[in-house]
Amino acid sequence: LELRPLEKGGKDINPAIWANNVAWILSTSPDANLRDGKEALRWAKAACEATNYQPQFVDTLAAAYAENGEFDEAVKFAQQFLDQSTHVDASEV
């Protein structure tokens, strides 16, 4: 991921997907040794910024904020995810 920087609006979405996956694991792993809220938040923010906060990335951002104990931000982005998800066609995800 460090070798393929995330570009806002870039044509290659794969780095954002990879960053999102890393953030999800770091936020939600049942193995406490794998969780790292600070790194999760860094990758989740990068994925969201690169994809203009698409819903499939916003839920990970909410999880990362929760892992860091920033529950107001977690709720804010969880609500954004829910709001966006009700307006998205499944074929767009």
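Checking the stated criteria, TYR65 turns out not to satisfy the condition of being under 19 Å from ALA16 (Cβ atoms) and either basic (Lys, Arg) or surrounded by fewer than 17 Cβ atoms within 10 Å (Cβ to Cβ) (or both). Considering only residues that are of a type in the set (S, T, N, Q) and over 8 Å from the mean Cα position of the chain (by Cα), look in region 22-69 and name the one that is nearest to SER85 (Cα to Cα). The qualifying residue nearest to SER85 (Cα to Cα) is GLN54.
Any residue that is buried (at least 18 other Cβ atoms within 10 Å of the Cβ), at pLDDT below 90 and among the aromatic types (Phe, Trp, Tyr) - is there at least one of those in region 35-43? No, there is no match, as no residue in region 35-43 is buried (at least 18 other Cβ atoms within 10 Å of the Cβ), at pLDDT below 90 and among the aromatic types (Phe, Trp, Tyr).
Within region 10-21, the set of residues being touching a Ser or Thr at 6+ places or on another chain (Cβ under 8 Å) and either closer than 18 Å to GLN84 by Cα or part of a helix (DSSP H, G or I) (or both) comprises ALA16, ASN20.
Residues in region 44-88 that are modelled with pLDDT of 90 or more, of a type in the set (Ser, Thr, Tyr) and under 19 Å from ILE13 (Cβ atoms): 2 in all.
The values are calculated or read from the model by the stated rules, or taken from the named source; none is laboratory data. For clarity, every value in this text was computed on a predicted model and none was experimentally measured. Ideal geometry is used to build each Cβ from the backbone, glycine not excepted, and the neighbour counts take in all protein chains shown.
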